[in-house]
Each structure stands twice: as structure tokens, then as C-alpha cells.
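One structure is given here, and the rest of the page talks about it.
The values are calculated or read from the model by the stated rules, or taken from the named source; none is laboratory data. Model, not experiment: these values are computed from the prediction. Cβ placement follows ideal geometry from the backbone for every residue including glycine, while neighbour counts extend to all protein chains displayed.
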Amino acid sequence: MTPPISKDWWIAAALTSAALPTAFAQNAPTPRAGVVSAITASAPTTSANQKTVVVGDNVVPGETLRTGPDGQLHVLFLDQSAVTLGADSELVIDTFNYDPASRQGQIRLRLNQGLLRVVGGHISKTTATEIATPQGKVEIRGGISIVNVSGNTTSATFLFGQQMRATSNDGNTQTITRPGFGSTLGSQGVSTPSRTQPQQLTSLLQQLETRPSGGNQGNPNPSPAPAGQLISTGTTPGGANNPGSTLANDRLKSVVDNSVGSNPSQTLRNLLSVGQLNNAS
């Protein structure tokens, strides 16, 4: 399952995952949970020992990751699960074990503060990924959820997949299966599931997107394809004179949806129909 989220995170994740088997086989026998696959260059992330984290660094069970005021971090786990950590956040990798042969294992994380997006991999298809917070825990089965710890409240929104379950410290539980719905955990226990407001969801997603340094937001209108032979996806060979008649539409820059480049989370918002939630029942 390739989740409809920010494409730059997933390009980095795909490149990193291709090298995982060799990289981890050559390292010392210390158990590894995953690898840092993307990070905000202008805002370093530190681990528990105050080491600055860089792309390609291993993440191990028991490690604590912290981001600064402008920091963002993406970690790809060995089972293809992934987490994105927002600014001013602290995440502990409490437990990670995984058997590649059976694709079984367990992931337990602890979000002490801040914003976290979790995308389930092989493990979460059969065993829920657990995120403990000061107010309780959130369990995610085979999907995507956002968890936010702010002040004395944990809020969690289910975005995609099988289900999300929120359990307060007093043991009360709510199970959510409708995308775009969530619950809060706090002094009053766990709330009844309700739809997350479109503006709030959009704000959370934007906080998890990469922000190019120097204020450069990228070019929403890329230059035309260079002259020369182009790869054809049809039965007719491509050519520079008339590429439009021989190439599939998704290979032509003139018909590529540039809104994805300027707003990477638009696909996810479309999936959840957040622009129409005010009229939904």
C-alpha cells in the first residue's frame, strides 16, 4: 500500500528502502528498527544522546528522537512502516521486532509531545502499531493516522485503512473506522468519535510537509521536456516531432497535475473529501 501523502517523503523512503537489506546486514548485531529517510536540513533532529541525526542514520529500539521548532523527520522501518514527526516533537521507539519471513512483529512508540503521522506496514496488517501518550494510547491497524500531543490532551485522527482505537488511561476505548474521524484523550477520558474539521486536518497535514529552505517553494510550471527521443508507453515508437500522439498522458509534462507539486497533501485531502465535510452527514 502506497499512501497518498507528501511525495517528497516517499521518494526518499523508496530510495532508502532499496538499500536496507545490505546496509543492515553489514552493521553490528545491535537490533535495528529502521532508518532516517528524510529530515529538514535547516533544523537538525537530535537523538537521546544529543547526536545530530542525518539521512541514512539507523534508528534503534529505545532511542528518543527530538525535533526543533522548524524540524521534521521521517523514519522508514524495516517492515515498511513509516512515521513522520512534526516540529517540537519527541518520540521514543519503545519496541520494534520483526520477522521478515512471516512478516510478523510488534511496534510500540511513545509520543511525549508534538505531532506524529503513522503509516502502517507489514506488521500493522495483523498487529496494531501502538502509540503511547501521556493521556493513553492509540492503536492503528493497517492504515494511516495522525496523533497530536498538545498540553494535557492527545488528539488522534484516522485517515485511511482498517481501524484506529483510542484508549484513555482509565481504560475506556473508542474504535474508529471512518476516515476523517477522530477522538481526544484527556482528563475526561476518551471522547466519542467525531469528524475532524477540514481546516484542522489541513493544518496538521501542512505541518508534516517539507518546506524548501530559503523560501523556495519550487516551480509549479516546470520547463518542457527536452528535445529528443522519449520513452513511449504505447505500441508506437516515441519521437521528438510529435510526442503527444505516441506517449501516454501521464508521461507528458503538459498534462501532469502540477497541484501535487505545489500542495503534496492535496491527494490525501481529496481522498478524505475534506473540502466537502461541512455538507457531510
Study note, to complete from the structure: Taking region 143-153 and keeping residues outside any strand (DSSP E or B) and either among the hydroxyl-bearing types (S, T, Y) or over 13 Å from the mean Cα position of the chain (by Cα) (or both) leaves G151, N152
Review point. Which residue out of Q174, Q72 is over 18 Å from the mean Cα position of the chain (by Cα) and of a type outside the set (A, V, I, L, M, F, W, C)?
Key: Q174
Exercise for review: Confirm whether D88 is acidic (D, E), more than 22 Å from Q200 (Cα to Cα), without any contact (Cβ under 8 Å) to a residue 60 or more places away in the chain and outside any strand (DSSP E or B).
Suggested key: no
Review point. Is there a residue being over 17 Å from the mean Cα position of the chain (by Cα), surrounded by fewer than 17 Cβ atoms within 10 Å (Cβ to Cβ), of a type in the set (S, T, N, Q) and in a loop (DSSP other than H, G, I, E, B) anywhere in region 154-168?
Key: no
Exercise for review: Any chance you could count how many residues in region 181-195 are at pLDDT 95 or above and either of a type in the set (A, V, I, L, M, F, W, C) or assigned to a loop (DSSP other than H, G, I, E, B) (or both)?
Suggested key: 6
Check your understanding: Given (1) outside any strand (DSSP E or B); (2) at pLDDT 90 or above; (3) more than 23 Å from V149 (Cβ to Cβ), where does G105 come up short, assuming only one miss?
Key -> (1)
Study note, to complete from the structure: Among the residues of region 115-135, the number that are under 25 Å from Y98 (Cβ atoms) and more than 13 Å from the chain's Cα centre (by Cα) is 12
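What residue, of F160, F77, is among the aromatic types (F, W, Y) and closer than 20 Å to V36 by Cβ?
F77
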Review point. For the subset of region 133-153 comprising residues that are over 22 Å from G121 (Cβ atoms) and not small (G, A, S), which member is surrounded by the fewest Cβ atoms within 10 Å (Cβ to Cβ)?
Key: N152
Exercise for review: Determine whether T46 is among the β-branched types (V, I, T), in a strand (DSSP E or B), at pLDDT below 95 and more than 18 Å from the chain's Cα centre (by Cα).
Suggested key: yes
Review point. Among the residues of region 56-65, is any buried (at least 20 other Cβ atoms within 10 Å of the Cβ) and in contact with an Asp or Glu (Cβ under 9 Å, 6 or more places away or on another chain)?
Key: yes
